[in-house]
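Report on the following structure.
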């Protein structure tokens, strides 16, 4: 049998699938003051779409007093979007707001199911699904996706949505479409309940880890910020770690904790959290509750902002709004204006007027300003420590060691019965000294006797 060697050109079969083309549609209310202008919001949506692997071929928007009750945009705009999608060969329409189930259903009817209709929430969930790597992250994303889909199931079964009448022309009963929808909803609800139970277990496991960390009594600094502000790059710089950092939105979802030594020698824990974004859907915040609890249990918040972004003030406000929603806006906060290495030469960075917390300028990439940042963190930890005097018997040497390791010791006095110590301790540690604390009057007396010979200066 003769053999043939057939040579196939390398470009005959592409190595990668062509990207789907997407047309972005925004809406701008005539009344109100959004965080971002419609153009800036669509620019952000473009980056989200590109992060999800889509090719954005065009954008458009409509100004209105309020969204159209049926199709979000008006009937004329619906037709215009269809013509624009045809001209640009776009197969995906992405709306810059969360569409109601009715909006999604009516738009798909208008486009005769030929165009995929996606809203901002679905797009973010898709990105989260791509970037979640840990079991916790995957559970959180799946829960958010299912809760998003439940009210939108009807659009998936329109071919079964007819009614079946009963004999004699009496009132109709539910047709097979509705039965299928109800079956699917029940199945999804069962899965949602399972996910919630598993996430509660994860939450309890994470709480045990937090308790273990707290028992080490290291101050915890939660790094928060708008997505792509450079949080992961910063934590890599601070701790010499290798957390994934990339110039894309939501590059990392899973929280990461690293140990770092402050200039004075004390250690702290820096925890990187999921990035925030404007119009962050409520169901996503709820699904990531276990992750975001890392922020609530922190001692200090380090708010990282991209100093080079044209909308940095709006991004800062968006993060602050989310922190308020999580009820952690009153924690001591430090602002770090990042990426100063990306500013044009000669440009002087102006701190936004609304920023009323200690602020430093840094570059997580080059290390500029990191020393000042660590000094600011150290000052914040000391400011939120409690002054106390403790008399510790000699059989509790562990508490003496703890005072030295986690506190700032002013003086130590050895007596026949035990060790008297005066200084500052993190508030979480103070309760461990219950029963050994000395009253305020005695503190003054102790300070006056600090010149006696048997007082050993603190190291």
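The values are calculated or read from the model by the stated rules, or taken from the named source; none is laboratory data. What you see is a predicted model, and the numbers here were worked out from it, not measured in a lab. Here Cβ is always computed from backbone atoms with ideal geometry, including for glycine, and neighbour counts include all displayed protein chains.
Observations on the structure shown:
- Being at pLDDT 75 or above and either exposed (fewer than 12 other Cβ atoms within 10 Å of the Cβ) or not in a helix (DSSP H, G or I) (or both) holds for only one residue in 190, 202, and it is 190.
- Hits in region 31-89 (condition: in contact with a strand residue (DSSP E or B) (Cβ under 6 Å, 6 or more places away or on another chain), part of a helix (DSSP H, G or I) and loosely packed, with under 15 Cβ neighbours inside 10 Å): 88
- Exactly one residue out of 360, 429 is in contact with a helix residue (DSSP H, G or I) (Cβ under 7 Å, 6 or more places away or on another chain), assigned to a helix (DSSP H, G or I) and surrounded by 19 or more Cβ atoms within 10 Å (Cβ to Cβ), and it is 429.
- Here residue 125 fulfils each of the conditions (1) farther than 24 Å from residue 114 by Cα; (2) in a helix (DSSP H, G or I); (3) modelled with pLDDT of 55 or more apart from (1).
- The C-beta contact set for region 321-333 (first residue in the same structural domain as residue 295 (by TED's automatic domain parsing), second residue in a strand (DSSP E or B), distance under 6 angstrom, 6+ apart or interchain) comprises 322/276; 331/301; 332/300; 333/301; 333/303.
- When 160, 153 are checked against the criterion of being in contact with a helix residue (DSSP H, G or I) (Cβ under 7 Å, 6 or more places away or on another chain), more than 30 Å from residue 45 (Cα to Cα), modelled with pLDDT under 75 and surrounded by 13 or more Cβ atoms within 10 Å (Cβ to Cβ), a single residue qualifies: 160.
- Any hit, region 97-115, residues being within 18 Å of residue 49 (Cα to Cα), not assigned by TED's automatic domain parsing to the domain that holds residue 153 and not in a loop (DSSP other than H, G, I, E, B): no
- Some residue of region 386-394 being touching a residue at least 24 places away in the same chain (Cβ under 8 Å), part of a helix (DSSP H, G or I) and at negative phi: yes
- The residues of region 363-375 that are more than 18 Å from residue 309 (Cβ to Cβ) and either surrounded by 20 or more Cβ atoms within 10 Å (Cβ to Cβ) or under 23 Å from the mean Cα position of the chain (by Cα) (or both), listed by number, are 370, 373, 374.
- Condition check for residue 412: in the same structural domain as residue 308 (by TED's automatic domain parsing), part of a strand (DSSP E or B) and either at pLDDT 90 or above or under 30 Å from residue 234 (Cα atoms) (or both): no
- Count of region 284-334 residues which are surrounded by 18 or more Cβ atoms within 10 Å (Cβ to Cβ), over 23 Å from residue 143 (Cβ atoms) and modelled with pLDDT under 75: 0
- Lone unmet requirement of (1) over 30 Å from residue 309 (Cα atoms); (2) exposed (fewer than 15 other Cβ atoms within 10 Å of the Cβ) for residue 108: (2)
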